[in-house]
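For reference, the structure discussed in these notes is given below.
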Amino acid sequence: MTAASSSEVPVGEDDLQAWIDGRLSSSRRDAVEAWFAMNPEVAARLRSMASQQEKLRAVLQLKHDEPVPARLRVANLVAARRVARWQGMRRVASVCVWLVAGGAMGWVGHATLSDATRDRAPTATAMATRPMVAEAIAAHRVFAADLGRPVEVAAAQEAQLVTWLSNRLGRPLAAPDLLPLGYRLIGGRLLAGAGGDPAAQLMYEDARRLRLTVYLRADHAGPTGTEFRFSDDPAQGVTAFWWVDRGFGYAVSAEGLDRPVLLSVAEAVHRQVTQRGTPSPSL
Amino acid sequence: MAALIEPHIPALRRFAWALLRDGTVADDLVQDCLERAIAGWHLRHHDGNLKAWLFAILHNLFLSNRRRSARGGMDRSLDDDGAAALMRADPTATLAAEGRLVWQDALTALEALPEDQRAVILLVGIEDLSYEETARLTGVPIGTVMSRLSRGRERLRRLLDGEVVKAGAQQALRRVK
């Protein structure tokens, strides 16, 4: 009778939950409480839930108020990270000596080859014909849709996965960490690229189960350049950002992902691969 | 960065502990979360909510670790075996007249809920994340968040109020036997 317009909407389950959480507007709260008067049994249950939530909060507040252990201090974690990075760099450096020796010989021949092909293969149109990219998109299409067995080796065995793929591709690889972007590694597989070069596909998944893949293999065909290039397969809706760095091609593919989001993932992958010195022999 | 992250650490520890109920394992998870947040600091959306971002990393890690430990199928839903096991494990659970289980400890009762309901109850009810943030973080539509809240809270209430839980009926689909 005294109802304001917002109280004329029937009370729903989400109103009841929001009532427990104290997230209703005051007029809506009045409407819910008026409804409680007519539904005393439900009201009793809801009040019971609200008081249980308070108890739970009280118990958990004790945990919240504990002093934070030293190992969880940001300053300590940052310091530990610096040490780990330094040790990592020393390891990478020893690998790089070996890679530079091998890479330098390949690089001479490679440079002359790419000079010759550079003007015939402009960046913008290179995509459709570049086998590495076509393979990456095709592999994404086939495996990302596979609900039963999307990966050959699951992320649970990340260490084995990385070692195995590194051995097969002949380069030290590391699976980029995309968790800060909301994608967790679910695993990877070994594939055969055009010309028989082994290729690796790493697969990631976000909370909505949307998958993206990182495809990589040795790639000496056509122009190189670390700038990102965009490519898509309009028929299949798969899009990819890719780049070639010192004879190694990378493609980050997804289906139905906004271009800027995919680009930010590609940038994260690129940064991590470059930081780790993997597999760029330029360090 | 430290000044922005530090204020959230107590809440992250609380959430991890409520999920895992083991102080050391929970702090390991928080440490892992913080290390990744620091490493990926430049990747976060500057306009986004830092708290929700940290909780999303933690929750994602929790899910992948759980999958890793090959206990994925073991949702601790309250079926008959589950109730018995919980009662053995929890000295505060008592067997009331008519064989009804009564939990005095809200926290232990929480453990009897399916994991998706538990996470939502904690994120919304304890950590004060909005329904939208919780939906984004757990990767489900907001309607699913609301129904998980509703079902989870109702089960929790029944456990704590000592009502008979018709576990078999509600959970038949969850059991893989």
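The values are calculated or read from the model by the stated rules, or taken from the named source; none is laboratory data. Given the structure is predicted, the values throughout are model-derived calculations rather than measurements. Here the Cβ is made from the backbone with ideal geometry for all residues, glycine too, and neighbour counts use every protein chain on show.
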* To do: Please specify each residue of segment A:32-76 satisfying the condition of being more than 10 Å from chain B (Cβ to nearest Cβ) and touching an Asp or Glu at 6+ places or on another chain (Cβ under 7 Å).
  => A:Val32
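Test A:Ala75 against the stated conditions and say whether it is in a helix (DSSP H, G or I), modelled with pLDDT under 90 and more than 27 Å from B:Leu129 (Cα to Cα).
Details: in a helix (DSSP H, G or I): yes; modelled with pLDDT under 90: yes; more than 27 Å from B:Leu129 (Cα to Cα): no.
When the stated conditions are applied, A:Ala75 does not pass them.
Residue-by-condition table, conditions (1) touching a helix residue (DSSP H, G or I) at 6+ places or on another chain (Cβ under 9 Å); (2) of a type outside the set (Ser, Thr, Tyr); (3) modelled with pLDDT of 85 or more; (4) within 25 Å of A:Val261 (Cα to Cα):
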| residue | (1), (2), (3), (4) |
| --- | --- |
| A:Thr117 | no, no, no, no |
| A:Ala121 | yes, yes, no, no |
| A:Arg130 | no, yes, no, yes |
| A:Leu147 | no, yes, no, yes |
| A:Arg171 | yes, yes, no, no |
| A:Ala175 | yes, yes, yes, yes |
| A:Gly187 | yes, yes, yes, yes |
| A:Arg211 | yes, yes, yes, yes |
* Asked: Quick check: anything in segment A:13-21 more than 22 Å from B:Arg118 (Cα to Cα), more than 7 Å from chain B (Cβ to nearest Cβ) and in contact with a Lys or Arg (Cβ under 8 Å, 6 or more places away or on another chain)?
  -> no
* Only residues that are surrounded by 17 or more Cβ atoms within 10 Å (Cβ to Cβ), in a helix (DSSP H, G or I) and either over 44 Å from the mean Cα position of the chain (by Cα) or within 14 Å of chain B (Cβ to nearest Cβ) (or both): list them for segment A:22-31, please. => A:Ala31
* Only helices (runs of 4 or more DSSP H) wholly contained in segment B:1-63 count here; list those with 2 or more residues that are facing another protein chain (nearest Cβ under 9 Å) and of a type in the set (Ser, Thr, Tyr). => none
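For (1) in contact (Cβ under 8 Å) with a residue 24 or more places away in the chain; (2) among the charged types (D, E, K, R), each residue gets a yes or a no:
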site	(1), (2)
A:Ala34	yes, no
A:Pro40	no, no
A:Glu54	no, yes
A:His64	no, no
A:Asn76	no, no
* Structure fact -> Pairs returned, first residue in segment A:184-199 that is free of Cβ contacts under 8 Å to residues at least 24 places away in the same chain, second residue that is of a type outside the set (Gly, Ala, Ser) and in a strand (DSSP E or B), beta-carbon separation under 8 angstrom, 6 or more apart or interchain, are A:Ala192/A:Pro198; A:Asp197/A:Arg217
* Asked: Which one is nearest to the chain's Cα centre (by Cα) among residues in segment A:130-150 that are in a helix (DSSP H, G or I) and farther than 14 Å from A:Gly193 by Cα?
  -> A:Ala144
